[in-house]
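Taking it in order: structure first as structure tokens, then the write-up.
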Amino acid sequence: MALAARALGARTMYLEPPDPDLAERVRAVSARWGGSFEVVAAPQWKRIVREFDGPVVHLTMYGQPIDRIEPRLARASRILVVVGGAKVPSELYRLATYNVAVGHQPHSEVAALAVVLTRLKGVPGPRSWPGAQQVVVPQARGKKVVDRRRSP
């Protein structure tokens, strides 16, 4: 989830329960590949949801179709996207500004996040982020990564 969110332009991931090892691994990815994405421990998720200054979008297959909600989200400067697992507290359905579905069939939470982020932020093209130590050079075949620390 963290890597998909980062790659598609999210800036922060609040994680409950906190996982310091995951946060450190993602920090290391950002150090190598650039950007400022961070994983923040969120033991008080309800407080974050209640105090967020902008729409709170809970991704659930039971929600309203994304096509209905997307125009409202496009106007927002900040959005908090909440992705739950198998046991989402019922309180989240009440606290969210919008309960949104990318489909009304069981599906991956990562896939739902990817659909929403690409619809709201566009599909990211090849790019490197500020501070990147490593950069992918797109190719038709094979893999090429330039390590900026070693390049002249």
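What follows draws every value from the coordinates through simple rules; no lab data is involved. Keep in mind it's a predicted model, so treat the numbers as computed, not measured. Here the Cβ positions follow ideal geometry from the backbone for every residue, glycine too, while neighbour counts run over all protein chains shown.
Roughly how many nanometres apart are two label points built 7 Å out from the Cα toward the Cβ at Ala4 and Phe52?
1.7
So what is the relative contact order for the chain, in percent, with contacts set as C-alpha pairs under 8 Å and at least six apart?
The value is 27 percent.
Any idea what the relative contact order of segment 47-123 is, in percent, if you count C-alpha pairs under 8 Å spaced at least 6 apart?
This gives 43 percent for segment 47-123.
By how many nm would the segment from Ser77 to Val145 lengthen if fully extended, with 0.36 nm per residue of separation less the alpha-carbon distance?
That works out to 21.1 nm of additional length.
Students often forget the sequence filter, so: which lysines lie under 27 Å Cα-Cα from Lys87 once same-chain residues fewer than 8 apart are removed?
Candidates past the 8-residue exclusion: Lys46.
Could you tell me the calculated FRET efficiency between Glu16 and Trp129, based on Cβ-Cβ distance and R0 = 30 angstrom, to the nearest 0.05?
The formula returns an efficiency of 0.65 here.
What area, in nm² and to one decimal, does the C-alpha convex hull of segment 1-43 cast on average over all directions?
2.5
If you average 1/r across every pair of different Cα atoms in the chain and take the reciprocal, what Kirkwood value do you get, in Å?
So the Kirkwood estimate lands at 16.9 Å.
If you filter segment 45-108 for trypsin sites (Lys or Arg not before Pro), then keep DSSP loop positions with at most 14 other Cβ within 10 Å, what is left?
Arg75, Arg78, Lys87
Which whole-number percent gives the relative contact order of segment 1-43, counting Cα pairs below 8 Å spaced six or more residues apart?
50
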